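The values are calculated or read from the model by the stated rules, or taken from the named source; none is laboratory data. This is a predicted model, so every value here is computed, not measured. Here the Cβ positions follow ideal geometry from the backbone for every residue, glycine too, while neighbour counts run over all protein chains shown. Only protein heavy atoms, including side chains, enter the accessible area calculation; ligands, DNA and RNA are left aside. Shrake-Rupley method; radii C 1.70, N 1.55, O 1.52, S 1.80 Å.
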Amino acid sequence: ASAASLSRQVQGTGGSSAVSKCSAAARGYIRDRFLRLLVGRRRRRAPLVHRGYYIRARAVDHCVQDFLLKTQSHPRTQILSLGAGFDSLYFRLKDMGLLDRTVVYEVDFPNVACQKAALIKGTKELSALVGDTGEEGVGVITFSGEDYKLLGVDLSELFELERALEEAGLDSEIPTLFIAEVVLTYMENCRSDALIQWAAEHFSQACFLLYEQMHPEDPFGRVMQQHFRQLNSALHSLAQYPDCEAQQRRFFEKGWTKCSVMDMNEFFTCCTPEEEQQRVQALEPFDEYEEWHLKCSHYFVLTASKGMEPSWTPLLSNMTVPHRDGPVRVAGSIPAAVCAMHSEISGLRRYGHHSVLIKPNVILTTGGFGEENGQHCRMRDFHVLIKHAGYWKAGCVKKENPDKRWDERLYHTVSCLSNSLALVVGGRTSPSSAGLGMLWLKFPESWNASDPDDIAVELVNLQPAAEPAALRWRHSTTEVIFKGKKYLFLYGGRSAMEPVLGDWHFLHTQELSCTMIPVQGPVPESRHSHSACSWKGGALIAGGLGAAEQPLGSVFFLRELEHGFQWQAVETHPPLIPRYSHTAHVHDGKLLLVGGVWFRSSSVPGITVIDLMTGLCLDYTINVEHLEWPLMLHNHSSVFLPDEKELLLIGGGGNCFSFGTHLNPEPVLLSLSNILTGH
């Protein structure tokens, strides 16, 4: 592609990000009354996109205001925003009275700078703030106010950039903040490196603020890269600088003396006051935690400085950064293979669904969000997988008296109570509507295993006494035994009103009424998206997302006693890495945690094995070299096949920020015989 068409593609990404910021401002995420004046088109974006642009704006503002604060004693300072696009930073700072001693320079492609200059001249509110001198722009300087200069130059042409900045009056002897917000990565590395080095060499007191992507090779990173490639605006930095450590080394090598960097999960947790976190979390109904945390682990904010007194590192000053954990210690690797199927099935491309073994070698999958006839939608159809003569066959289940109240639910549970009966509990349609109640699924006791399409399931509408307890999602239901009787232990989750629940109910499986059974011991923190398994008549609860949208690393055993149950904390060593949206199975005294989301951005969770006798906790990676597509292991389901010591992974994936929806295309088999036989 020609240089001109490539620059057009990159400008397109700038325009689209301005529209997203504008949408976030309209919903109250960021306070910015100037964006709407600079952005022509209006579009309402999804809550996930709002959060993504909120954290980006918050990181930039945090660092800019820190720079202005730390340089208060200097008579003059300057800010140079590289690839500024239609950003409103200057107008916000000016409006807040923060530019008494500071000049802001903005640089972007000539046609972008000309458009912006015309917008400012033609908009009273903007031109009044700048104090429009009425002069026409001269050469590359498309707009010149007393404390604001707008330059039209291609950033990759360093010689031209330097000449234009000199002409506009940039002073290399006073404190200068360089801002590059998702800009340098679109340039060839040799050019962006040269720019970073030039800034360090030519300015005696300088600070640099960089915000961009990282971790290109994990599943989310591969979807992200693919998205930018399709836009014809590839991310060049990623291959050479794939993580925080590489970016930090880059700045030290190019002449900067101090440099701190963190991913956006760390920034949100550590640099955002708690009440502000709560404000943002409550702005819109939201239920895409996995994609939010994955987005945040694939973007970083970096600040570097040289020659600054006092030293400028806003990401380290005025707060405590938790000690960054080293790489996850890996005990081994588990091979993944596409499951050998005898039939083509598109219906298992979904997430937020539930799969359950309803009898040996028969798996029923219901609900979730996925792909039907090429369309993304909440899934109406039930699917069955039957293993016959060593192969899995897939079929679509016929629903008898399809029930209005099935409602294509997500994040529900299905518990098999006999070989012809299962109970569906909870789930949701949209996160703003109330949770859904209960349904019976009745299926024949026996059927022809060689023909999966021959299966019918009857849906039976229920409104039992226990219905209110079921109005939740991202919860767990586990079979427990008390005094010889079976109960379903319904625990945790969330509802439309409560972002996280910590209560529990014992459902009597025959009457579907709640039975009061005393429970003693330390009550676990409220959580959703945790895992729960039956073990020794009780329930094992592991991980989950807690009250402040923080992953939990605790494991609890609800143990049967003579007069009730008791919560017992299961100590793990090394401590379990906090995670959620995983699945879990118990086999032979070992708890297996599969996939999920954690904040260790250097790797993705594979399989963790916890020995329930000793508490020893081992992490295994999943070897995906035989898969041709990214394996996203969150919002998936998994079924453990004890005879084969295999794990069948069904579905999984999600809406990857604004990069498109990824659905794992086929079920995957993991062979666990090596790790379960103790070798």
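Among residues of region 562-578 that are over 14 Å from Gly521 (Cβ atoms) and without any contact (Cβ under 8 Å) to a residue 40 or more places away in the chain, those with a beta-carbon under 8 Å from a residue that is among the aromatic types (Phe, Trp, Tyr) and surrounded by 17 or more Cβ atoms within 10 Å (Cβ to Cβ) at least six positions away or on a different chain give the pairs Pro578/Trp598; Pro578/Phe599.
Mind checking which residues of region 561-577 are closer than 22 Å to Gly595 by Cβ, open to solvent by 30 Å² or more (accessible area, probe 1.4 Å) and in contact with a Lys or Arg (Cβ under 9 Å, 6 or more places away or on another chain)? Hit for region 561-577 is Pro574, nothing else. Each residue in region 328-367 was checked for being at pLDDT below 75 and of a type outside the set (Ser, Thr, Tyr), and 4 pass. Somewhere in region 617-624, is a residue within 25 Å of Arg349 (Cβ to Cβ) and buried (at least 23 other Cβ atoms within 10 Å of the Cβ)? No, the conditions are met nowhere in region 617-624. Residues considered: Val261, Val280, Val223. Of these, the only one that is buried (at least 17 other Cβ atoms within 10 Å of the Cβ) and closer than 30 Å to Glu173 by Cα is Val261.
Mind checking whether some residue in region 638-648 is within 23 Å of the chain's Cα centre (by Cα) and either at negative phi or in contact (Cβ under 8 Å) with a residue 40 or more places away in the chain (or both)? Looking for residues that are within 23 Å of the chain's Cα centre (by Cα) and either at negative phi or in contact (Cβ under 8 Å) with a residue 40 or more places away in the chain (or both), one finds at least one in region 638-648, hence yes. Listed by first and then second residue, the pairs with beta-carbon distance under 6 Å, at least 6 apart or on different chains, first residue in region 363-376 and within 17 Å of Ser430 (Cβ to Cβ), second open to solvent by 30 Å² or more (accessible area, probe 1.4 Å) and part of a loop (DSSP other than H, G, I, E, B), are Gly370/Arg349.
This table checks each residue for (1) assigned by the TED database to the domain that holds Leu558; (2) modelled with pLDDT of 80 or more; (3) open to solvent by 20 Å² or more (accessible area, probe 1.4 Å).
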{"site": "Gly435", "(1), (2), (3)": "yes, yes, no"}
{"site": "Phe443", "(1), (2), (3)": "yes, yes, no"}
{"site": "Asp451", "(1), (2), (3)": "yes, no, yes"}
{"site": "Glu458", "(1), (2), (3)": "yes, yes, yes"}
{"site": "Pro464", "(1), (2), (3)": "yes, no, yes"}
{"site": "Leu490", "(1), (2), (3)": "yes, yes, no"}
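Number of residues in region 226-258 that are crowded, with 20+ Cβ neighbours inside 10 Å and polar (S, T, N, Q): the value is 3. Look at (1) among the aliphatic types (A, V, I, L, M); (2) within 18 Å of Leu545 (Cα to Cα); (3) at pLDDT below 95 and you find that Leu294 fails only one, number (3). I need the full set of residues from region 93-125 which are part of a helix (DSSP H, G or I) and either open to solvent by 50 Å² or more (accessible area, probe 1.4 Å) or touching an Asp or Glu at 6+ places or on another chain (Cβ under 6 Å) (or both), in order please. Correct list: Lys94, Asp95, Pro110, Asn111, Cys114, Gln115, Ala118, Leu119, Lys121, Gly122, Lys124, Glu125.
Go through region 607-622 and report how many residues are of a type in the set (Ser, Thr, Tyr) and farther than 23 Å from Ser637 by Cβ. Adding up the residues that qualify gives 1. Among the residues making up region 162-199, those that are open to solvent by 10 Å² or more (accessible area, probe 1.4 Å), free of Cβ contacts under 8 Å to residues at least 60 places away in the same chain and part of a helix (DSSP H, G or I) are Glu162, Arg163, Glu166, Glu167, Asn189, Cys190, Arg191, Ala194, Gln197, Trp198.
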